[in-house]
Structures are given as structure tokens and as C-alpha cells.
Amino acid sequence: MRIEFLTQDDPLYVLPFFDEFVRRYASEFDIIHVASSATMGKRPRGQMIKELTQLYGITGIARLLTRLAIAKVFGKLPKKAGASRFSTLAQLCRAYGIPHLHIGTPNAPEFVESVRQRAPDLLISVACPYIVKEPLLTIAPKGAINIHHAPLPRYKGMMPTFWQMFHGEKAVGLTIHYMVAKIDEGDALFQDEQMIDPGETLDRLIQRSKRHGAHCMAHVLRQIESNSSVLISLNISQGSYFTFPTSQEIEKFRKRGFRAI
């Protein structure tokens, strides 16, 4: 099955999914293309840095920026398939011979046409920072799917892992679902959950759940390929939607004993 990914250029929290998926399943599924938008899409860079500094604190954001700088430097080095560590998604794709492209919005007409010409069987969003719209949603004959790290229809929107911790959930959910015009409302193909370890930071939980998500995605792709998927209808009336937390909500998160990093 020919698959194409839409994602964002995030070596900290998105790369773990692809590192796990490509290492384990690149020989099973034909990954014809990976397109990466900028981290958090068109969100103003100044606003993004301000929000992340509020969430992670001065020391925490310094640690993240250091990790990003290291990834940028080491990501330029040549690596072979099976290397012990990859620093960027582009480096991982080069090592495994997977075409990779940095893009703006995936809804741009020229990109949509390029997808049409590549003719994937299935389009997959992994933390794509844009709402995927028509006609991109219906180009692939087997549809377009998304992985969302929450038990949809609860915790739709941004930062689902943060909000599940914030509300005292004992486990973090995961939903792989078809994409439709309304965000996070398509029928689900698979749902799962992972227990949150005592004292686990948001940083570690996101990375751990992304790797787990790679194996869940492989399971779903096998079902789609064999036409054995069982759809789960989501009760949208019971849904909840969240955006980036405010400074007051971040303070409550800390007072409840949680740490971002």
C-alpha cells in the first residue's frame, strides 16, 4: 500500500513517531513521500516562543532550545538506515531513501496537485499543523487518516496530552480516525490508551506516546490494506475542545504537581 505523510518539522515530539515507524515498518509499507510544514504551522514565532516559555519555564525552554540546536547540527550529518540515532526527520528519510519535502500549507494548490500526481493509496496526518481541506482529503482512494493522542471525541484540538494530565486522567488516550471537514470528527478506526507513569513529565509522556502511536498506526494500516477495518462512530455531542493553555491554566498544572519537563 502506497502511503504519504503530512506532518510538521519537529525533531523533539514528532520525530519519535517516525523514528519508530520507519525503523520497524518501512519494509512493510511503501512510504512514497513525507511532507513537513513548519512547527505549529503559521503560528507567529514570537507568540509560539512566549507560550512555550510559559509552559516549560526559562530553564525548560533553554533545555528544549539546546536540544533543537543539537538536532539542527547533527541532522546535517549523513546517516545510514539502522543508525542508532537520527536527529531530524529529513535525516531519517535520507537514510531510508524516502522522499521528503519542507512545505508551507498542504492545502496550497501546487502541493495538492503534486499529491495527485504521486497517487498515494492513503494520506496520513501525524501532527500536521494545518486543517487538511478538500480536495486533499479525497485524493487518495483509501481516504485520509489522522492520529490524535486523546480519546476522541474528548480532548479535541491542541495539546491533548497536556489537557489529559491537567484533568487528572490516569491514562493518555490515542485515536486514529478518518479526516473529514470538521477537525477531529471523522469515524475512528482504532482507540487505545497508555497509563501515565507516576511523576512522568509532559515531555517524556509525549515522546513515549508518539512511539507507541507508530505501532498503533501499523496495526490500522494492515486493517485498511486487508479491508478488515471496523469503524467506531464518535458521539460528537460528548466531545470537548481545547486550545493552547493560558498562563493561569499552566500555573494550575504546576500546582497540581505536574511538570512539563
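The values are calculated or read from the model by the stated rules, or taken from the named source; none is laboratory data. Given the structure is predicted, the values throughout are model-derived calculations rather than measurements. Methodologically, a virtual Cβ is constructed for each residue, glycine included, from the backbone with ideal geometry; neighbour enumeration extends over all protein chains shown. Remember, those area values only see protein heavy atoms, side chains included, never the ligands or the DNA or RNA. Shrake-Rupley method; radii C 1.70, N 1.55, O 1.52, S 1.80 Å.
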Per the filter on region 95-129, residues part of a loop (DSSP other than H, G, I, E, B), under 23 Å from M40 (Cβ atoms) and in contact with a strand residue (DSSP E or B) (Cβ under 6 Å, 6 or more places away or on another chain) are I103, P106, A127, C128, P129
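Residue by residue through region 150-160, note down the ones that are buried (at least 23 other Cβ atoms within 10 Å of the Cβ) and either of a type outside the set (G, A, S) or over 20 Å from S240 (Cα atoms) (or both). Quick ask: steps written out before the conclusion?
Of region 150-160, the ones buried (at least 23 other Cβ atoms within 10 Å of the Cβ) are 150, 152, 155, 160.
Those that are buried (at least 23 other Cβ atoms within 10 Å of the Cβ) and either of a type outside the set (G, A, S) or over 20 Å from S240 (Cα atoms) (or both): L152, Y155, P160.
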Scanning region 15-53 residue by residue, the ones that are farther than 28 Å from H219 by Cβ and touching an Asp or Glu at 6+ places or on another chain (Cβ under 7 Å) total 1
Within region 42-55, of all residues that are in contact (Cβ under 8 Å) with a residue 12 or more places away in the chain and not in a loop (DSSP other than H, G, I, E, B), the one surrounded by the fewest Cβ atoms within 10 Å (Cβ to Cβ) is I49
Note on I236: of the conditions (1) modelled with pLDDT under 95; (2) open to solvent by 70 Å² or more (accessible area, probe 1.4 Å), unmet is (2)
Of those in region 56-88 that are more than 30 Å from E249 (Cβ to Cβ) and either assigned to a helix (DSSP H, G or I) or of a type in the set (D, E) (or both), the residue most open to solvent (accessible area, probe 1.4 Å) is K72
